[in-house]
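Q: Sharing a structure below in structure tokens format, with a few things to ask.
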Amino acid sequence: IYKSYNYGIYIYSNSTSYTNEICTNVISNNGYGIYCYGSSSGTVSPNVYNNRFIQNNYPMVINGGGFPICSNNTYETNTYDAIGFQGTINKSGTWNIINNMPYWVINNITINSDVTVTIPGGSVFKFSSAKYLYVNGILDLQSSADSNIIFTSYKDDEYGGDSNKDGSASSPATNDWN
């Protein structure tokens, strides 16, 4: 899947749960390698495995009710070493750790009431400037003394690596995110 303008693979669910497999692809030179979009009453939980993500802006972007399960994928020379994240969450699920990459909140996230989102220990969430996570439902943080969950600026290289790939040109500061 090569040189699509926006999305290498676009997965959308409006009223059902999408749980198919995406496997053994080379997904290269796209804006977003895979775009998972679960709308107001749908969820997207594909099993994504044995793929190569090469030179995309983001290897994957999750919008709304997206809860992909990823394994044995490789990520090479993408513009950002992070999973882009945005949207309104209307269904319960778990935001799994994907290849030890951080989630990068590129637009605001809202967890609606009557929704529980679970975050496993070891997860890192980086926020773009002035972006936020607004919780009306339940945010179930599964951290422990030896497996923290980090919420920080996209400029923070200490947690989740140099996701914006600018070396030491930027560093986190107070009020980087809301």
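Q: Somewhere in the stretch 107-127, is a residue in a loop (DSSP other than H, G, I, E, B), open to solvent by 50 Å² or more (accessible area, probe 1.4 Å) and touching an Asp or Glu at 6+ places or on another chain (Cβ under 8 Å)?
A: no
Q: Hey, can you tell me all the residues within the stretch 166-178 that are more than 20 Å from Ala130 (Cα to Cα) and either open to solvent by 90 Å² or more (accessible area, probe 1.4 Å) or in contact with a helix residue (DSSP H, G or I) (Cβ under 6 Å, 6 or more places away or on another chain) (or both)?
A: Once the filter is applied, which keeps residues that are more than 20 Å from Ala130 (Cα to Cα) and either open to solvent by 90 Å² or more (accessible area, probe 1.4 Å) or in contact with a helix residue (DSSP H, G or I) (Cβ under 6 Å, 6 or more places away or on another chain) (or both), the stretch 166-178 yields only Ser168.
Q: Continuing with this model, one more query. Which pairs have Cβ atoms under 7 Å, sit 6 or more apart or on different chains, and link a residue in the stretch 2-25 that is open to solvent by 90 Å² or more (accessible area, probe 1.4 Å) to one that is assigned to a strand (DSSP E or B)?
A: From residues that are open to solvent by 90 Å² or more (accessible area, probe 1.4 Å), the pairs are Tyr2/Ser28; Tyr10/Tyr35; Tyr12/Tyr37; Glu21/Asn47.
Q: Which residues, counting only those in the stretch 26-55, are under 14 Å from the mean Cα position of the chain (by Cα) and in contact (Cβ under 8 Å) with a residue 40 or more places away in the chain?
A: Listed by number, the residues that qualify are Tyr32, Gly33, Tyr37, Gly38, Ser45.
The values are calculated or read from the model by the stated rules, or taken from the named source; none is laboratory data. The structure displayed is predicted, hence computed values, not measured ones. Using ideal geometry, Cβ is built from the backbone for each residue, glycine included, and neighbour counts are taken over all protein chains shown. The area values use the complete protein model at the heavy-atom level, side chains included, leaving out ligands, DNA and RNA. Shrake-Rupley method; radii C 1.70, N 1.55, O 1.52, S 1.80 Å.
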